[in-house]
Amino acid sequence: MSASLDDILTTQQQGVVALNALYDVLSAIPGILTPLSPANGGTGVANGALETITLGGTIVTAGNFATSGAFSVTLTATGATNVTLPTTGTLAVVGNPLSQFAATTSAQLAGVISDETGSGLLVFATSPVLTTPNIGAATGASLATTGALTAFSGTAPPAAGAGPVGVKISSTADFGVFVGSGAPTVTAAKGSLYLRTDGSTTNDRMYVASDSAGAWTAVITAT
């Protein structure tokens, strides 16, 4: 038996009514047919392709935040933030060595140091080349020079060797070669030498310490 046209139309009308009723029911459920509102934990924005989501609150995630595909992640903070992200490049990791950064020159390094002394190139322990350094008090195993070695360049020879002005040698206290004007009275270790700048005869140009209590003996020199 064939259905009449009226029967077919009636059936379709009933189906449309049922679909409309179902749509009304689903529309009343947040997030099914419409964007989930912020009040219910959503964004209020349709999450279709190339959609922009703007939030006025805080995003909290218990897992990883990841993107899929060749898309960039842009974070814009309009208020206080604890993180500053570079516009390009790779974030540095505190556990990695300095090699993760671009090569840095000595001048660039000096530019970020606030209490450096001197200028020029960064110096390392083995065979550094130094230009007119002021090294203060220093110790070492040896000293080799291809030019003159100058000591006390800013000091005039003191009277009687007071000071004293000279070069001390070995671990023996006050043993060395000293200079001054006039006969020596400086205390030096036995065997030390004293060179007198104003000596005029064969027995007042150089002296040797005969003890460690300040006694000196003149050395007879050639005429």
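The table for this structure:
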{"item": "Scan of segment 86-107 for residues that are of a type in the set (S, T, N, Q), within 30 Å of Thr76 (Cα to Cα) and not in a loop (DSSP other than H, G, I, E, B), ordered by number", "result": "Ser99, Gln100"}
{"item": "Cβ-Cβ under 8 Å pairs, at least 6 apart or on other chains, segment 146-159 side more than 18 Å from Ala183 (Cα to Cα), far side exposed (fewer than 10 other Cβ atoms within 10 Å of the Cβ)", "result": "Leu149/Leu143"}
{"item": "Residue match in segment 141-159 (condition: touching a Pro at 6+ places or on another chain (Cβ under 9 Å), of a type outside the set (A, V, I, L, M), at pLDDT below 95 and more than 30 Å from Gly118 (Cβ to Cβ))", "result": "yes"}
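The values are calculated or read from the model by the stated rules, or taken from the named source; none is laboratory data. Computed from a predicted structure; not experimentally measured. Cβ atoms come from the backbone with ideal geometry, glycine included; neighbour counts cover every protein chain shown.
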